[in-house]
Every structure is written in structure tokens, then in C-alpha cells.
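Presented below is the structure to which this report refers.
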Number of protein chains: 4
Amino acid sequence: MSEIAHLGPVEMHTPNAEESLAFFVDVMGMEIEAQDGPATYLRGWGDYQRWSLKLIASDTSGMGVLGLRAWSPEALERRVAAIEATGLGEGWTDGDLGRGRSYRFRDPDGHRFELYYECDRYDPPEHLRPSLKNVPGRYTGRGIAIKRLDHINVLAADVRANREFCVDALTYRLYERIELDDGTETGAWMSATIAAHELIYTKDASGANGRLHHLAFWVDTREECLRAADIWLDHGIEIEAAPSKHAIAQGFFLYGIEPGGNRVEVTTGGRFVYAPDEPCVVWTEAERAKGQAWGVKTVESFHTYGTPPVA
Amino acid sequence: MSEIAHLGPVEMHTPNAEESLAFFVDVMGMEIEAQDGPATYLRGWGDYQRWSLKLIASDTSGMGVLGLRAWSPEALERRVAAIEATGLGEGWTDGDLGRGRSYRFRDPDGHRFELYYECDRYDPPEHLRPSLKNVPGRYTGRGIAIKRLDHINVLAADVRANREFCVDALTYRLYERIELDDGTETGAWMSATIAAHELIYTKDASGANGRLHHLAFWVDTREECLRAADIWLDHGIEIEAAPSKHAIAQGFFLYGIEPGGNRVEVTTGGRFVYAPDEPCVVWTEAERAKGQAWGVKTVESFHTYGTPPVA
Amino acid sequence: MSEIAHLGPVEMHTPNAEESLAFFVDVMGMEIEAQDGPATYLRGWGDYQRWSLKLIASDTSGMGVLGLRAWSPEALERRVAAIEATGLGEGWTDGDLGRGRSYRFRDPDGHRFELYYECDRYDPPEHLRPSLKNVPGRYTGRGIAIKRLDHINVLAADVRANREFCVDALTYRLYERIELDDGTETGAWMSATIAAHELIYTKDASGANGRLHHLAFWVDTREECLRAADIWLDHGIEIEAAPSKHAIAQGFFLYGIEPGGNRVEVTTGGRFVYAPDEPCVVWTEAERAKGQAWGVKTVESFHTYGTPPVA
Amino acid sequence: MSEIAHLGPVEMHTPNAEESLAFFVDVMGMEIEAQDGPATYLRGWGDYQRWSLKLIASDTSGMGVLGLRAWSPEALERRVAAIEATGLGEGWTDGDLGRGRSYRFRDPDGHRFELYYECDRYDPPEHLRPSLKNVPGRYTGRGIAIKRLDHINVLAADVRANREFCVDALTYRLYERIELDDGTETGAWMSATIAAHELIYTKDASGANGRLHHLAFWVDTREECLRAADIWLDHGIEIEAAPSKHAIAQGFFLYGIEPGGNRVEVTTGGRFVYAPDEPCVVWTEAERAKGQAWGVKTVESFHTYGTPPVA
């Protein structure tokens, strides 16, 4: 069992703040929870925290801090000790909006994380209060109406080293990975829960460090992914990869580039891993050459495009 | 083959104009094409005409004029002659927004119709121009985002007389009907195309005349019907019948009451009738007692509630 | 209005009769209605005629006779006269299983057709009788469980000449076509109904005549198309094009090659054309270069692979 | 975090063994893994263990032993100690097919459980080997093609006592419950994972003990639930509650009675609970009177019908 509860929230920088904000609000259907200088705090109707995305007006695209919530105060302390033992720890911060003290660290590739336990639960204002009390917010149905932040894929020069750090120090569960014929590990799919993936590392072909591959937002059905493609098409959003099904993890996907240049995914599905002793699936080079589940070849830009770390 | 091309546009009166307009625009996702005094002309993104619904601020709910487009100028003349022969004709009008001269008549139950051929084709403004040129308008994805007006169900004191008028004078095709053990016809499902139904008559238990049962708007998938129920739930729209599948015509449905009191349906599916000699399916009293396709009992209000004719 | 009611049934030849039959029965979920020497008559649960596909054990793949049902006995006579006037008529035959006398002709490219009106309506045996009497057969749910034959795409050396024949002599409605910069017509989408397409001609790059591009079978939902891809994948059927949405006609597709070598499609969706005066959409070379609706590029084999005519 | 990994396998008794087996194989689409005297071991294509349902020819309907897999050997020992401390333990058994030693106990209401850790992982024979190696079995697409066992709902005379036992001794997480105005707890929804529910107790109005309410099998999409209703309809399976969405836990459902008299559900959806400190949602009597998510009233038999324990 992982001592991480889940991934998020995440900071994303954009050099086109106005267009990016319009994208996340009008097209993706998120709500603005708060604004603070260059930062806008956004949430999906199914996010239980106050925000899952902090969009920051900047002079670049890319990812800032990636939050991780620990399972308990004790789990937080244990993970901090484990991180400190690796030498990658950077110390405690005061957290962020609605979130208590957080422990800052970097993964071996340089992506910045904050691990925390204390956080506020979202308390909707009257106009966003849902009819059913077991969901966090009202389903407004605006645009794609994404439900919540689901997972992140970050690029790394050395996938194996980062994967080992996440499994060993953070207690992530490793479900699938790719190993080329020469032994290079080019992808690792990890999760803190039964969901197919929450934290993914894929190899950065450029050799750069700390880059973001994509941030994925959840919808409950494949039909919503198909509908999202129609919405992107008619809103002029660049579709990088049309809806189809991944072989790895079995998720259904739609990929595109938001106006600030960051890659985003609308996702659903994905297998559940109920076995506590589930063996890690290792995909070979030959198997990956078959493309996605139904034979769709991965688009070339998927292997090269990423957005840089922002300090 | 029917000489009617299709049904619509339709006039709907509402005593709560502001709330009804908000419902059709924000919840159903229609666009405002024009406004003229108490009337607002509305359209779905897939309607090829300029408008399919004319919402009229009034002191009552209910239906006004129901438009029917003839297949050709010649078909229009032939149908007018046939209507005049029945004594139900009322004469030519100048039409309405974007529509040429129209022939006004009433069915035996008193519902008002206008039959026309000439009409403008929708020419979207830049911000509503679709990416693919074989659809009329942009898919904005707002709320339910209904595609177009699909069909209408009107109540009648004598279903059989009205059905015979529609088949004989208007050349509708009759696909399904209900006949009780005592021989009373309590419902008739007619279409001008291969679609399962466009014009439906059901028996008015109150014995009143000219009432509207419901107006149905099309979405392309059942998932959109399910999603529509979530949207209605969280917008405080009264759900009269939750999504399920009709036995008759096989359509998938969601029924509710718009803020002006008129019943509306979000619909998809329904069988296609390709056989030119398709026999009419006659449902018996015992068969109807089984409920809808999956056994859902028809809600009681469905048999009693309707909105009145507006002169 | 077209005087053709609909397309089908169709003859398909296969050099791997056993595997092809297993494909259509076990994977596509069709029922065997009759067998006669090398021919097996197959149907979908929603086909109202006794059969929609005649699979013929042969030494080649390819299409035999393509049936078209006329709207009425009078329409049949009028269309035969029009065909005879073109010099492409070949005379009357005795029809086929459950079908009366039929008029044999060829289109300019040499594909063989039979036009008929008289045919038997399917009368299911007890074990295939549906619970609801407005569908032709029981929904057994075996494999993909296709509902019915939907449309055909045939290759032609000269698309325009064949399209003109279909519109002029057969009264098909022309909804969409492709015209290259040099004026060549490379595709034409025609229908006898409001459905987006039933008879499609696309240019045969090889210059051959009479070839089949694909035969398409209908399912009611996009989810069934996605599920069909899973079923093909796990039954070893070659997926040529994974599920996605066409720009032209807006249909949702899955393409593959059945064991006999013929291309088949599982399809749903597609726009409805309600306007009697709908203008034909003409796609340019530049527009087609954008790929399908969501940007998926058409697979190369789609432009080159076809199966030959069988005399 | 729960020390239980997941629920299952389950034993189900049937007085109509042949018809029940045909139901689970042909209609639900399960595979037979083994047979042993009166018992048939069945699995869904997505079950990672060798079997999830043991169907036992018997003179009654009802549930036998309900299996629970512990997270680890150590978790197993800790839970056994906790159970023994309650006095409800019965001792170790040799397990069952493909499962190691198991600890037998009863809940306060008398339902029989076996807790285990050791079990075989399913190794498919060639004809059931999937194309993608991250799923356990081939997707044959037969009938409903359920993926796996999902959850169980058992009736209890005293819901609160059983819920407390499951939370305290078994470490289940409690997500939602119903408390009437008089303080009676009439339902409790518990899970070992982020999935909305795995183990549910609802009040037995008859005051009996040890009864089964229903066993639920998972499909990945709502469309498959709708399709399942069509399949049940045409296979003569009694539909008790047509597809709709639960308010509690947000699952999508279809309920019916298998030929042996046991209630089964086809389910999908349901909320995910990512917060480690998620508060339990308590539904009041007034809230439950509103029916399911979209207002569908719970069928009366749902409150009264259950099948007895089998020793």
C-alpha cells in the first residue's frame, strides 16, 4: 500500500495567460476558486480540494510545483524521512492556498514536488452547490466539464532512476513499464491507488531535465472524450492525438496543446489493479512498435515535445 | 413517400419568459438567432434553418403554430389542395422570420399548423462558424448542447381522426399505434422520413383540444441523454421521467418541465424504417401494460399533463 | 425524393469460406438464414428482409451482385426504363432467395446491380423472436451484434460518370463529394434517404474497374464501435483503421479486413439530411489534406486496396 | 488504508443449476474455469484470479461463503487476530480451488466469510489469451461480457453492528450510510479501495439473518449496462430495475433475478474516493425519499426480496 493518497494540485505556467485561462474555464469547464496576482486557482466539479490547477501568468510554459498528498500525518513524516535520506529534500514550506505546511523536494530529474497532508475540503458557494451531497461541486455542464485532475506524465533523462526513487522513497506502486532491447527503461507507470496510473515517467529524447509531458484531466465516459474532441475542434484547440485507447494502462485518451503551449489530456477508463501482488507488466520494443491498443501509431511529436521546468 | 420534408419550426408560449429563455440557452444550449418583441428565435447547432423554436413571452404556456416544410413547391400546392378539400384550411400567411408564404390550417383537434416550402438556410456569423462545413453551426458544447428539434407529441381528443387526416391529407407515414381492447386508438406515431417518429398524437384524457404533450430535441448519443439528466438535476429542472428506452419507436428519452410549464424531451436513438411497405405496428392494451422497453412504468402525469393551445 | 428505398442485399465472395463465415457469425454476430451450395445467406438482427449478405465460397474475394430495392412497383418500372435508356441494362432475372423478379444492370464502372421491389419480410423462428415486436429479430448479443447492412463504398475509375448515372437514372440524392484542384472528382456520397450515405463511389487509383472498397454494417452507438475494435483485436482480425470520426458525412468508423480479404466497416452516426434542397458539400484537396474529423490521417492502404468484381 | 485488498470470490447456490449456468455463461458472458461435482467455477475476462463465482447446484438459492483477500500475509494475520478478538472466528480451512489456507468467520448477522492471502493468478489457455498482456483474459464479447465481480450487498437485521465489525475488525473504509429519523441505520456502503463500494449492508425488513441482497458484476461503460438490459429482455431474464443511476455512491445499475432466484446487478461508474480523510456521507430519510439520482423510485421488491444463507 502506498503512503501517498493521490497526486495534485499542480502548477502550470503559461505565456498566454488570458487564452490559457479561457481554455481551462470555457473549454475544459473548470471553475475559478481564487486569484492571487499572476496565479489563478482552478478546480473541476469533482475535485474535493479547493483547487487542482494553479495557472500562472509567466514568460514561459511548463510545470512548477507538483503536489502530492500523503495518506496521514504519520505517513507524511515517514516519507519526508525517506526523502531526506536520498539527499533530494529541500525543506518545509508554508504550503499554498488551502493547504498546510508542505515538504519541498526534487526527483532525480529535477521536477519539483511538495508533499503535504493538511488541506481544506472544498465548501461550495450556493451557486455551485450540487444536488447530491456525495459530490464536491455542481455539474454545470460547461464545455468539456472535466471532473478532476487525474494524472501527470513527466519527462526524464533517466526513467529508471526516477521510477526507483518514486517506488522506494514515495512508496508508489509500479504497474507497467517499457524496456527497450538494449535494457533502457523508456517509461514507467505508477499509482498510489487501484487506478491504472497517477504518476508516469517517460524518457526525454532531448536529454533535457525537469520537463512536463502532459497533465491529464478526468471525465467519466469515453463519450465525453469523443465530445471533447468536437469541442476542441470547434474552439480551435490543436488536437495532437485524436481519441483512442492506450495499450499501456488501457486508458482512453485525447491529447492537445493548450494556448500556453502545455500538453493536456482528457482521459477516462484505464484498468483497475486489485491484486496486492500484481506483477509489473514489462512492454518490449517489439510490442510497443504495434502502436496503441487498436493499432494507432503514436504521433511523432509525442516523443519530442515537452514544456520546461519553471523554478 | 411523404410530401412533407420535416417538422418545424415550432412556437412555444411561456409565462416565465426570462427563466424559459435561460433554460433553452444555458441549459439546453441553444443559440439566439433573433428577437422581435415578445418573441425569441432559437436554434440548435445542427438546425439547418435559421430557427427551430420561437419562444414567446405570454400569459400562458402552450404551443402556437407548428410549422411543416413541404418537399417542393409542387408538393406544397398538392398538400394545400388536399387540406382545402377537408375544410380545415385557413389560408395563406406571409410566413415568419426567414420563411416565405405559408399555408395556415388546423388539424381536426384544433392544433394550428403552417405548411411552407420557401425558407432561408442558416448562415452562421464568424463566431458560430463550424470547423467542418457539413454541419450548420459550431458545436459550442454549452450545457446539453441539443443538436436540433426532432419531433412533437400533441394531445388529441380523437387520435384516430387526426391520424387519418395526417396520413391522408399530409401524406405522413404511420409506423406505430396503440389500440385499446375497446377499439379506441390512444396513440399514433407518424414520420415523413425513415426516422421513427416526427409527429405523434396521443389521447387527451381530459377531453380538451389542441394541447401540447411535449416537444423533443435531439442529441446524437444516449450518453448525452444521461448527461442531460445530470445537468437538469443540478440546474433545478424538474425531471418527470428519468432516462430510459421507449418500447414504441425504440427512442431513448429524458422528460422534464421547462420553467414555463411546457414538457420537453431530450431524445436520441429510435428505429429507422427502411421498408417502403413497413406494416404499422399495433400495440395492444396488454402489451402497453408492460411499460417501456425495460419495464419502466410510464409516470402518471404523462397521461394527464399537457399545455393548452395559444391562439 | 429518391425512388430507391434502400441498398442491399449484397453478395460477397471469399476464398476462405469457413473463416469468413465464422467471422460474420461469431465475430460480427449475424445469423444464418439459409444455405444453398457455396452460398450462405446471413442477416443482422435489425434487417427486415430475410438476408442482407450472401457469402459465397469462391476462389477469389470481391463483390458479386449488389441489390437495390425500389420504393414501389411503379418506381421499379420507371427506374428500369431510365436504366434501359442509358444502355446499361441487362434484363430481368428471377431474383434470389425471398426476392421476386429483379432487373440486372451495370453501372458505368461495371459493378453489377439488381433492382427489385418484391421481397419477403423476415419471419423469425421462435428462438429468434424478439421481445418487442417493432424490431425484426432477437438481440442475441453475440460478438459485435451488428444490426443491419448500412452502406457500400465501391471503387470506380471515373467517379463523376458513375455518380451522374446514380443521380440521373437511379434518382439517388448527392450529399457530398471531393473535387481535386485539377477538377477530378475522387469521391461521391449518395443516399436514398435522410441517412448520410448509402452508396459511395471513390476513385480507384489502380485504374481497375468494378472493385469493392468496403461493405459497412450498422451498430446503434459509438460505444459499440469501440467495443467492436476490442473484439476484433482479441479475435485476430486485422484492424486497418481504428475507431474515429469521418469528416465527410460525420460517420463513426472501424475498418478491417475479413478473413476472405474483403474490407468491412462497423459504422454508426453520420448526419441526417432533412432539407429537401440540401446543397451538395464539395470538399477541396486542401480540406481533405486535414484528415478525418479529429485530424486522423487516412491510412495509405485505404487509397489502394480493394477487392475485384466477380462475374 | 484497509488491510483488505478486495472482495471475492463468492459462492452462489441455485436450485436451477442448468439454467443458472446458461445465464452466467451465455448471457453474462463468463467462462467456466473448472467443475467439481455440483460446483462450477466461473470467471469474467477481467478477473485476475482463477474464479470469482462458484455456482453450486443445490436445493435452494442463496449465498455460501464470501471470500476476502487480505493485502499481505501480515495483514491476514493481523485481521485474523482482530476477528478472533470479537469471538466471531471459526478457524482455518484449506481454502478452495487455486486458493491457499483461509480463515473462516461470520459477521454478526451470520454471513460466512473466508479471509485469505495466497491464491493463484489466472493463466489463460491459448484460446483465451488476450492480445494485450495487461488484461487477464481474452475479450470474447459473448453476451454482456461482464469484466469481473465488483461488489456485494448483504442484508442484515442490524446494519450498524455489522458495519462496525467490518470497519473495526476488517478495516473497511465507510463512505456512505443511511440513518432514518429514529436513528436506525438502514444501509452502509464500505470499500477497501478508492472504488465507491465493495461491501454493502442494507437492512433486512423481514428480520431474517444472513441473506443476500445482490451480487454485482462490472462492465466498463454505461452503454454496456444499457445493452445488458436489451440482452436480458431478449433472453427472458426478469428485469427488476431498469438501468439508471444511484444517488448513493453514484453507480449506474441494472438489476434482475437470475434463473436460480438470486438477484444480480450489472454495474459501472460510481465515484472514486481519493481523500484519505473523506467524511462519511449520511443520507437522511427525507433525502432517500427523493429516489435515485434522477428521481427514479426504488422498486418495492428491492426492500423485501433476498435469498437465504446456505450453510
If one puts a single equal scatterer on every Cα of segment A:270-311 and applies the Debye formula without solvent, what log₁₀ I(q)/I(0) results at q = 0.17, 0.19, 0.22, 0.27 Å⁻¹?
-> -0.78, -0.86, -0.91, -1.00
Modelled label reach - D:Lys133, point 7 Å along Cα→Cβ, segment A:156-195 residues with backbone N closer than 19 Å = A:160, A:174-190
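Report for segment C:188-311 the percent antiparallel among DSSP-assigned beta bridges with both residues inside it, nearest 5.
Values: 17 of 21 bridges.
So the antiparallel bridges in segment C:188-311 amount to around 80 percent.
Rounded to the nearest whole Å², what accessible area per residue is found for segment D:1-128 with the 1.4 Å probe?
Result: 37 Å² per residue.
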Fraction of antiparallel bridges per DSSP, the protein assembly as shown only, in percent to nearest 5 = 70
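Please express the shape of segment A:35-162 as an equivalent ellipsoid: the semi-axes are the square roots of 5 times the eigenvalues of the C-alpha gyration tensor, given largest first in whole angstrom.
On the way: eigenvalues 167, 66, 40 Å².
So the equivalent ellipsoid measures 29, 18, 14 Å along its semi-axes.
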Relative to the other copies, what are the label-point distances for B:Pro124, with labels 7 Å from Cα along the C-beta vector, expressed in nm at one decimal and sorted shortest first?
-> 3.0, 4.1, 4.3
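When each pair of different Cα atoms in segment B:62-113 is counted once in the 1/r mean, what is the Kirkwood radius in angstroms, to one decimal?
Numbers: mean 1/r = 0.0868 Å⁻¹.
Mean inverse Cα-Cα distance, inverted, gives 11.5 Å.
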For B:Glu176, list long-range residues whose amide hydrogen, built 1.01 Å from N in the peptide plane, is under 5 Å from its own amide hydrogen.
-> B:Trp189, B:Val281
What ³J(HN,Hα) values, in whole Hz, does the Karplus curve 6.51 cos²θ - 1.76 cosθ + 1.60 give for segment A:58-66 when θ = phi - 60°, with x put for Gly and Pro?
-> 8, 9, 8, 8, x, 9, x, 7, 10
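Translational diffusion coefficient of segment C:75-145 at 20 °C, 1.002 mPa s, Stokes-Einstein with Kirkwood Rh over Cα pairs, in µm²/s as a whole number. Mind showing how you got there, number by number?
Details: Rh = 14.8 Å.
Reported coefficient: 145 µm²/s.
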Stokes-Einstein, Kirkwood over Cα pairs, segment C:161-256, 20 °C, 1.002 mPa s; D in µm²/s equals 141
Nearest residue to the symmetry axis between A and B, taken on chain A by its Cβ, in whole Å = A:Glu223, 2
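Using only the Cα atoms of segment A:132-175, what semi-axes does the equivalent ellipsoid have when each is the square root of 5 times a gyration tensor eigenvalue? Give whole Å, largest first.
On the way: eigenvalues 239, 43, 7 Å².
In descending order the semi-axes read 35, 15, 6 Å.
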Considering the Cα trace of segment C:234-276, what is its radius of gyration and what is Dmax, both in angstroms?
-> 13.0, 44
Rounded to one decimal in nm, the spacing of the 7 Å Cα→Cβ label points at C:Thr60 and C:Asp120 is 3.1
Going 7 Å from the Cα of C:Cys280 in the Cα-to-Cβ direction, what parts of segment B:120-154 have a backbone nitrogen less than 19 Å from that spot?
-> B:133-135
With segment C:100-218 reduced to its Cα atoms and the Debye formula applied, log10 I(q)/I(0) at q = 0.15, 0.19, 0.23, 0.24 1/Å amounts to -0.80, -1.06, -1.32, -1.38
Correct semi-axes for segment D:170-225, from √(5λ) of the alpha-carbon gyration tensor and rounded to whole Å with the largest first, are 23, 15, 12
Each residue of segment C:38-53 in turn: what ³J(HN,Hα) in whole Hz from Karplus with 6.51, -1.76, 1.60 and θ = phi - 60°, glycine and Pro shown as x?
-> x, 9, 10, 9, 10, 9, x, 5, x, 6, 7, 7, 5, 7, 10, 9
Inter-chain Cβ neighbour average for residues C:135-147, partner chain, 10 Å = 5
Binning every alpha carbon pair distance of chain B at 20 Å from zero, what are the percents per bin?
-> 34, 61, 5
Among DSSP beta bridges lying fully in chain C, give the percent that are antiparallel, nearest 5.
-> 70
Could you list, bin by bin from short to long, the percent of Cα-Cα pairs of segment D:203-311 in 5 Å steps?
-> 2, 10, 18, 21, 20, 15, 9, 3, 0, 0
homo-copy label distances at C:Gly183 (7 angstrom along Cα-Cβ), nm, one dp, ascending, are 6.6, 6.9, 9.2
Candidates B:Asn134, B:Asn209, B:Asn16: whichever shows maximal mean-square fluctuation once chain B is modelled as a Gaussian network with Cα springs under 10 Å = B:Asn134
Taking max minus min of the Cα coordinates of segment D:1-68 on each principal axis, largest first, gives extents in Å of 41, 24, 20
Give the accessible area for C:Thr221 in Å² (nearest 10); use a 1.4 Å probe, count only protein heavy atoms, and leave out ligands, DNA and RNA.
-> 10
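What FRET efficiency would be calculated for the residue pair D:Ala81, A:Arg78, taking the C-beta separation as r and a Förster radius of 35 Å, to the nearest 0.05?
On the way: r = 24 Å, r/R0 = 0.68.
The value I calculate is 0.90.
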On the accessible surface of segment B:117-223, probed at 1.4 Å with all protein chains in place, carbon and sulfur together account for a percent value of 46
Round to a whole angstrom and tell me the spacing of the C-alpha centers of segment B:42-62 and segment B:76-131.
-> 14
Keeping all protein chains in position, work out how much accessible area D:Tyr122 exposes to a 1.4 Å probe, and write it in Å² to the nearest 10.
-> 20
Apply the Karplus parameterisation 6.51 cos²θ - 1.76 cosθ + 1.60, with θ equal to phi minus 60°, to every residue of segment C:236-250 and state each ³J(HN,Hα) to the nearest whole Hz, in sequence, with x for glycine and proline.
-> x, 7, 5, 8, 8, 9, 5, x, 6, 10, 5, 6, 5, 6, 6
How do D:Glu179, D:Glu164, B:Glu84 stack up against each other in accessible area, from largest to smallest, with a 1.4 angstrom probe?
-> B:Glu84, D:Glu164, D:Glu179
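Of all the Cα-Cα pairs you can form in the protein assembly as shown, what percent are over 44 Å apart? Mind dumping the intermediate values first?
Working: 319378 of 773146 pairs.
Result: 41 percent of Cα pairs exceed 44 Å.
Give me the percent of accessible area attributable to carbon and sulfur for segment B:15-92, probe 1.4 angstrom. Before the final figure, lay out the partial values.
Values: 1400 of 2950 Å².
Using a 1.4 Å probe with all protein chains present, segment B:15-92 comes out at 47 percent carbon and sulfur.
The values are calculated or read from the model by the stated rules, or taken from the named source; none is laboratory data. Remember, it's a predicted structure, so these values are computed and weren't measured experimentally. Ideal geometry is used to build each Cβ from the backbone, glycine not excepted, and the neighbour counts take in all protein chains shown. Accessible surface is based on the protein model in full, side chains and every heavy atom, while ligands, DNA and RNA are left aside. Shrake-Rupley method; radii C 1.70, N 1.55, O 1.52, S 1.80 Å.
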